[in-house]
Amino acid sequence: MNTPRSRPFYVLDVTVCCADALRVRRSVAGCPDAGVVRCEPLLHACSTQESDAPCVRLMIRLPLASYADVLHRLIECVPSGEIGRLVSWREHLARCGLRHGH
């Protein structure tokens with residue numbers, strides 16, 4: 001249930017080299033109500049990256065109002081990262097194995 005103070009959250013997937021993950025986390029932490037909620041190491045090299053460095057997928061939770069700010073911060077700190085799709089918080093939870101998104 002959303003109250004006037006609460007806003008629906010979304011999750012943005014971003015793939016970056018492991019070496020860049022801390023920089024991304026710190027940058028995103030500067031956005032109101034945004035933060036990394038999950039970090040998944042990828043076991044294979046990222047074919048879209050410029051090198052064969054190990055990568056991680058960061059799942060960033062944010063209100064829609066912070067989307068542009070988060071994108072701007074991502075592009076500034078990791079221009080070679082891969083920005084994935086934006087999904088609702090409920091869809092993210094279902095994708096993580098919580099069938100009803102609770």
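No lab work stands behind these numbers, since they all come straight from the coordinates. Predicted model, so just to flag it, every value in this text is computed and none were measured. Counting neighbours? That spans all protein chains shown, and the Cβs are built from the backbone with ideal geometry, glycine included.
Here is how the numbers come out for the structure above:
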{"read-out": "Inter-label distance, nm, simple model (7 Å from Cα along the C-beta direction), Arg90/Asp69", "value": "2.6 nm"}
{"read-out": "Within-14-Å neighbourhood charge of Leu42 [Cβ basis; K, R +1; D, E -1]", "value": "-3"}
{"read-out": "FRET E, pair Asp52, Leu98, Förster distance 30 Å, beta-carbon r, rounded to 0.05", "value": "0.30"}
{"read-out": "Order by protection proxy (mean Cβ within 10 Å, highest first), peptides 70-82, 16-28", "value": "16-28, 70-82"}
